[in-house]
Amino acid sequence: MGLENYLYHRPHILTTVPNNFPHQFREFSLGKYRLLVGEDGDVTCFHGSEMEVFLVGNWYDYRNPTYDNEVLVSNAAEGHDFASFIKNTFPYCGTFTVFCLINKELYIFNDLHGLNSVFYSYSGNDFTVTSDPALFTLFTELEQTDNEWYEEAINSERGKKWGICPGTNTGFKGIYRLLPNSYLNVNAGIENRFYPDEPVQPYSSGKAVTKIAQMLSGYLKAASNRRKLSLALTAGWDSRILFAASLELDDVFYYTLLHPYAAIQDSSTAEELCRITGRNHTILEGKGNNNLKEIEQVLSKSVYMPMASDMYILLNTYYQQLENFLDVCGITGEVLRGSHNRAVHVNEIRTASDLLGFPESRYMNEEIHSWLDKNKLFCRNFNIEYLDLLYSDLYYSVVKAKNYRTFAHFVDTMIPYNSRELLSITNGVNKKSKYPYNPSLMKEVINTFNPELLKVPFNPQKSRYLKLLVKSKLYYPAIAFKDITR
């Protein structure tokens, strides 16, 4: 595929505007709306007597590994009403955006962590939804926000690194981000949270381990029934547990990608894991590429691009070597090993804004206070720690979504962790079992597949460094934060 197609081959647009669009888009009708999807985007249509559904992306069901998207959409639509339909999707994993039309009411929602981003703008009867703000340039000029506090945040160290700030605002006037686990009622122009839909229930470790192992194994079987899988192995936790769950499959391409950002122990760890399990391992090297200017030109058209241009050269090579695979990715492994329980200085007081990387940011403080006003009572009623929900809404949907979009421009990807049912289970497990640097929950799941995999060190250099810091009492594990919603 030519580089010039990367911006348009996977995104989607929903609009009522009768503009002409690049030839790379395919067009579908959804009531009075036009749905345009990039030429390589997966689209599944369901037309029932009471409901029309368009799934942009993919679903995988651990309970029924042989079912394809068409069957899964049809099964989800059996509830006939939107609340039942959306509830029926909780067991599925995947990255997706769903457009659901019921009785002339159009609803839009996306995956657990909002990796398939949804941005929207409305003016009178003109309503536009896209997967990248850059696509709004097909309709109008993008006008930068005049919010002084946003400008201050975006020009901070973290803002420059991400190129975007957490929250519903985007840095462009009249363009908003749909937060994950909320649906957009297009007719009314409002967002409503739909997940979690019931209070968190305590889950015993043993019961959780059995269920998690079953789910991860089922998701990988479902994916392998559609495509040949590839899996990048590192020295980290997220790829180790996916490797363990994949050992029941016969034909997975295991590899480690060597590049300037890779940890030096990744390849040796991956080699050892494959040796003790009798699997083949391949090292993919980033090859030279002379089209830097072309890549920069093409990617500059997209608004949210998180990595440096030399990484894109690498990814272009990466895509060329893996274009025939469905790549299994552990990008949201925090579902199993926690998110914000990090090592912190003993005397450091960290607010939610600090944890998101924007200390003393007036914009982020305002966003977080606004978020709390909307979700404080929800967290209390549903027995959810506010930081867990805040990270999902304001962190994953920005940082993880940006990273996912980077790979999705080049590689077909599936993410087994991106499942609402899976998160509901892990939310009920004792928090200490998900401490990021020593997640006993992950250990127990890996142990159910193959205990030998636990004998190979995890992130050996990082582990030694953290043990030294903890021993010296310079850092300590931040197991508990004051829950200000109580």
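Every number here is computed from the coordinates shown, using simple stated rules; none is lab data. What you see is a predicted model, and the numbers here were worked out from it, not measured in a lab. Here the Cβ is made from the backbone with ideal geometry for all residues, glycine too, and neighbour counts use every protein chain on show.
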With R₀ set to 41 angstrom, the calculated FRET efficiency between the beta-carbons of Arg275 and Lys432, to the nearest 0.05, is 0.80
Above-threshold pairs, the threshold being 23 Å between Cα atoms, out of Lys211/Lys400; Lys160/Lys374; Lys402/Lys443; Lys160/Lys431; Lys160/Lys432; Lys207/Lys434 | Lys211/Lys400; Lys160/Lys374; Lys402/Lys443; Lys160/Lys431; Lys160/Lys432
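Work out, step by step, the length gained on full extension between Asn324 and Lys173: first 0.36 nm times the residue separation, then minus their alpha carbon distance; give nm to one decimal.
Net length gain for the segment: 50.4 nm.
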How high is the FRET efficiency between Arg362 and Thr140 when r is their beta carbon distance and R₀ equals 25 Å, given to the nearest 0.05?
-> 0.30
Glu452 neighbourhood, Cβ < 11 Å, K/R = +1, D/E = -1, net charge +1
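Among Ser397, Ser49, rank each residue by its count of other Cβ atoms within 10 Å, from fewest to most, as a rough exposure measure.
Arranged by neighbour count, lowest to highest, Ser397, Ser49 become Ser49, Ser397.
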Mind sorting Ile212, Ile283 by how few other Cβ atoms lie within 10 Å of their own Cβ, fewest first?
-> Ile283, Ile212
The stretch 3-193 - charge dipole about Cα centre, Lys and Arg +1 at Cβ, Asp and Glu -1, debye rounded to 20 = 220
Potential extension, Glu39-Ser204 segment - 0.36 nm per residue separation minus Cα distance = 54.9 nm
Order by neighbour count: Asp146, Asp388, Asp197, fewest other Cβ atoms within 10 Å first, most last.
-> Asp146, Asp197, Asp388
Report the local net charge at Glu366: Lys and Arg +1, Asp and Glu -1, summed over other residues whose C-beta lies under 14 Å from its C-beta.
-> -4
Which net charge results when you count Lys and Arg as +1 and Asp and Glu as -1 among the other residues whose beta-carbon is under 11 Å from that of Gly38?
-> -2
Where a label projected 7 Å from the Cα of Asn64 along Cα→Cβ would reach, residues of the stretch 223-249 with amide N under 19 Å = 223-227
Return an integer: the convex hull volume of the alpha-carbon atoms of the stretch 3-193, in Å³ per residue.
-> 137
Assuming R0 = 51 Å, can you tell me the calculated FRET efficiency for the pair Ser268 and Val71, based on Cβ-Cβ distance, to the nearest 0.05?
-> 0.75
Just grab the label-to-label distance for Ser123 and Arg380, each label 7 Å out from Cα along the Cβ direction, in nm (one decimal).
-> 4.1
Calculate, in nm to one decimal, what Phe21 and Leu249 gain on full extension: separation in residues at 0.36 nm each, minus their alpha carbon distance.
-> 77.9 nm
